[in-house]
1. Please give the length that would be gained between Trp76 and Gln58 if that part of the chain were fully extended, namely 0.36 nm times their separation in residues minus their C-alpha to C-alpha distance (nm, one decimal).
2. Looking at the P(r) of the chain, how many percent of alpha-carbon pairs lie beyond 25 Å?
3. As an exercise, use a Förster radius of 22 Å and the Cβ-Cβ distance of Ala44 and Ala113 to find the FRET efficiency, rounded to the nearest 0.05.
4. Can you give the relative contact order of region 44-185 as a percent, counting alpha carbon pairs under 8 Å and 6+ residues apart?
Amino acid sequence: MSGGVLTLVAALGTGLIGLVAGLLGGWQAGSQRARAFAEDWARARQDQAAKETVELIQTMATKLARVSHAMWWLTWRAAKDEARVTEEALDRFEYELHELIPEIVGAQAALRAMSPGAADEVDPAVDRLHMVCGAISEASVSARKGDRSALAERFVDALAFKIELKDVMKGASGKVLSNYRHPATRPTGKDLAA
């Protein structure tokens, strides 16, 4: 072969090697970008789910607190200021229960779907709420007939539920935050050893 042909073959070989290297480099860079995009998307979705769950817990906590306060206020009146346990006050209490209990149960179901661990924290409080509301509602029937003593006796139950509620919601929020922290914010073995 002549020198010109060898030079041409060498140039073509070098060009082909450069082309293959460029293609492989581009493919590798594209793969890394695609992987980074997928990780960012997964992290954003996880963060969004955590945000929605926290908002649901906040909504549920607000509704539970409203019912808790209604129970506490009515029973406190029966225990401390019996004259203020009027038909209007009893009607308002019933109305609030009829409005809020279905909303709480709906939020409970949604929380179960989004964060079973958080729902496990909240479920016993909702069950207790039903029991306390039932006892207060039963006592309010007697109060409508003029005997407010049974309603006054429920004050302790209403107060206990009001106090429990804070810890229940704190536990539910903790479950959500521990379940949804994405890898970038989780401590590593090196962090734990320090």
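Values quoted throughout were computed directly from the atomic coordinates according to the rules given, and no laboratory measurement underlies them. All of these numbers come straight from a predicted model, not from anything done at the bench. Positions of Cβ are generated from backbone atoms using ideal geometry, with glycine treated the same way; all protein chains shown enter the neighbour counts.
1. 3.9 nm
2. 59
3. For R0 = 22 Å, the calculated efficiency reads 0.60.
4. 39
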